[in-house]
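Engineer: One structure coming up, written as structure tokens, with questions to follow.
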Amino acid sequence: MPLFKIYKLHFSPYRKYIKSLRNLLGFVPGNLSLYKLAFRHRSVAVLMKNGIKTSNERLEFLGDAILGAVVAEVLFKRYPYKEEGFLTEMRSKIVSRVNLNQLAKKLGFDELIEFDSKMLNFPNKQGSLLGDAFEALVGAVYMDKGYNFTREFLITRIIKPHIDIHTLELTETNFKSKLIEWCQRHGKDITFEIIANGEGETAKLFTVQANIDGENCGVGRDYNKKNAEKLAAEKACEALHI
């Protein structure tokens with residue numbers, strides 16, 4: 001069996017791509033199409049026969065949940081005497097778009113993501129391109145290898161070597177307060193609006209939109225309303241370069 005895998009890798013038309021993934025992930029992917037989808041931004045979504053466009057958004061949704069669960073477990077064990085509020089805040093810091101964007105950049109995701117080159121002329125539209133791809137990748141690993149494998153991959157390959165939890169603990173990242181203060185300084189109105197969840201999303205999931213002068217500047221989703229507002233504020237801060 002190992003000989004067959006080596007032969008397949010050597011003669012595959014995607015040899016270079018598979019090699020890049022293996023160097024990035026530390027393992028050879030099973031279902032390559034999942035990983036290619038994880039790095040396909042909606043700007044280059046492929047139209048299917050039934051009218052549905054395939055991009056990494058569904059995998060991103062799945063990966064967000066898996067990543068959140070693993071990070072929650074790591075924090076729960078690391079801080080046995082801390083209350084829920086502290087653990088929630090720490091999880092938000094770790095999975096924040098700013099942190100995931102930086103992490104994805106460090107890991108070299110920018111070399112693998114497929115997106116419309118026109119976005120390079122509009123930095124604001126690039127937003128959470130890298131962070132979204134990171135979550136989509138987590139979703140791809142989960143679908144390909146299962147939860148236990150994904151958990152071990154995240155802890156040993158991502159969290160331990162690349163995330164300084166102690167430094168994040170001392171870092172202030174209250175994006176909601178930062179956004180509100182920015183709006184006050186610039187005389188702008190800000191509201192956080194709960195909007196309808198998309199098809200297939202559970203009713204328990206809060207989807208909050210941050211509106212500045214009536215314009216949508218960021219959307220956040222979480223099973224806690226306040227956390228959803230924080231995520232929406234983070235997206236808005238990122239879009240506005242605050």
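The values are calculated or read from the model by the stated rules, or taken from the named source; none is laboratory data. These figures come from a predicted structure and were not determined experimentally. Neighbour counts run over all protein chains shown; Cβ positions are idealised from the backbone, glycine included.
Engineer: State all residues of region 37-70 that are out of contact with any Gly (no Cβ under 9 Å at 6 or more places or on another chain), part of a loop (DSSP other than H, G, I, E, B) and in contact (Cβ under 8 Å) with a residue 12 or more places away in the chain; if no residue qualifies, say none.
Structural biologist: 39, 41, 55 - these are the residues of region 37-70 that are out of contact with any Gly (no Cβ under 9 Å at 6 or more places or on another chain), part of a loop (DSSP other than H, G, I, E, B) and in contact (Cβ under 8 Å) with a residue 12 or more places away in the chain.
Engineer: Next up: Check off (1) under 19 Å from the mean Cα position of the chain (by Cα); (2) crowded, with 19+ Cβ neighbours inside 10 Å; (3) within 21 Å of residue 88 (Cα to Cα) for residue 192 and give me the number that stays unchecked.
Structural biologist: Every condition holds for residue 192 apart from (1).
Engineer: Output the number of the condition that residue 81 fails; it satisfies all remaining conditions of (1) assigned to a loop (DSSP other than H, G, I, E, B); (2) among the hydroxyl-bearing types (Ser, Thr, Tyr); (3) modelled with pLDDT under 90.
Structural biologist: Going through (1) assigned to a loop (DSSP other than H, G, I, E, B); (2) among the hydroxyl-bearing types (Ser, Thr, Tyr); (3) modelled with pLDDT under 90 one by one, residue 81 breaks only (3).
Engineer: Consider residue 35 carefully, then state whether it is modelled with pLDDT of 90 or more and closer than 18 Å to residue 115 by Cβ.
Structural biologist: Against the criterion (modelled with pLDDT of 90 or more and closer than 18 Å to residue 115 by Cβ), residue 35 qualifies.
Engineer: Has region 168-179 got at least one residue that is crowded, with 16+ Cβ neighbours inside 10 Å, part of a strand (DSSP E or B) and of a type outside the set (Phe, Trp, Tyr)?
Structural biologist: Checked region 168-179: no residue is crowded, with 16+ Cβ neighbours inside 10 Å, part of a strand (DSSP E or B) and of a type outside the set (Phe, Trp, Tyr).
Engineer: Kindly indicate the residue of region 111-140 that is over 15 Å from residue 42 (Cα atoms) and modelled with pLDDT of 60 or more and also surrounded by the fewest Cβ atoms within 10 Å (Cβ to Cβ) among those meeting that condition.
Structural biologist: 111
Engineer: Still on this structure, please answer the following. Among the listed residues 34, 87, which satisfies the condition of being in contact (Cβ under 8 Å) with a residue 60 or more places away in the chain, assigned to a helix (DSSP H, G or I) and of a type outside the set (Ser, Thr, Tyr)?
Structural biologist: 34
Engineer: Oh, and also: Give region 129-166 a look and list any residue that's over 17 Å from residue 34 (Cβ atoms), touching a residue at least 60 places away in the same chain (Cβ under 8 Å) and hydrophobic (A, V, I, L, M, F, W, C), or say none.
Structural biologist: 129, 155, 159, 163, 165
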